[in-house]
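Asks: Quick one: the structure is below, and I'll ask about it shortly.
Derivation of every value follows stated rules applied to the coordinates shown; laboratory data play no part. Computed from a predicted model, the values in this text were never measured in an experiment.
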Amino acid sequence: MSVVDLHGKKVTQRLSEARFNSIDIPELIGLCKGVLADGTINLMEAEFIQSWLDGRSDVLQSWPADELHALLALVLEDGRLTSEEEAQLIDLLEEITGEPVSILFY
């Protein structure tokens with residue numbers, strides 16, 4: 001996980017700034033946490049996040065929505081989600097949430 005982006009800002013600083021840009025950003029972060037709950041992301045979940053972002057064009061100008069939307073457009077272009085694309089998405093979702101994936105078994 002990268003803790004510093006290209007502009008030298010830490011993830012926590014970027015998240016703090018993003019939360020002030022739109023009330024939808026905290027909801028997006030919660031959505032990402034929910035998807036990561038089982039340690040995977042499948043095609044249906046990826047398409048849902050993409051659709052959610054498509055309906056909120058106001059957030060697409062700020063991080064993390066802009067980066068996630070661009071990656072989703074790229075990996076979903078062919079209507080499939082390969083294991084490599086899944087790994088890319090998981091890495092970004094972990095960066096967005098600030099948490100590594102953890103799977104709980106009962």
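Asks: Please turn the phi angles of the stretch 30-35 into ³J(HN,Hα) values with the Karplus equation 6.51 cos²θ - 1.76 cosθ + 1.60 (θ = phi - 60°), one per residue in order, whole Hz, x for glycine and proline.
Replies: Whole-Hz 3J(HN,Hα) from phi for the stretch 30-35: x, 4, 5, 4, x, 5.
Asks: Another one. Step through the residues of the stretch 56-66 one at a time and calculate ³J(HN,Hα) from phi using the Karplus curve (6.51 cos²θ - 1.76 cosθ + 1.60, θ = phi - 60°), rounding each to whole Hz and writing x for Gly and Pro.
Replies: Computed from phi, the couplings for the stretch 56-66 are 10, 4, 5, 8, 6, 8, 10, 6, x, 4, 5 Hz.
Asks: Then there's this: Considering the stretch 30-85, what Rg and Dmax in Å follow from its alpha-carbon atoms?
Replies: 11.0, 31
Asks: Which cross-chain or sequence-distant (5 or more) residues have an amide H under 5 Å from the amide H of Gly98, H modelled 1.01 Å from N in plane?
Replies: Result for Gly98 returns nothing.
Asks: Pop out the ³J(HN,Hα) list for the stretch 71-88 in order, Karplus 6.51 cos²θ - 1.76 cosθ + 1.60 with θ = phi - 60°, rounded to Hz; leave Gly and Pro as x.
Replies: For the stretch 71-88, the Karplus curve yields 5, 4, 4, 5, 6, 9, 3, 9, x, 10, 10, 7, 5, 5, 5, 4, 4, 4 Hz.
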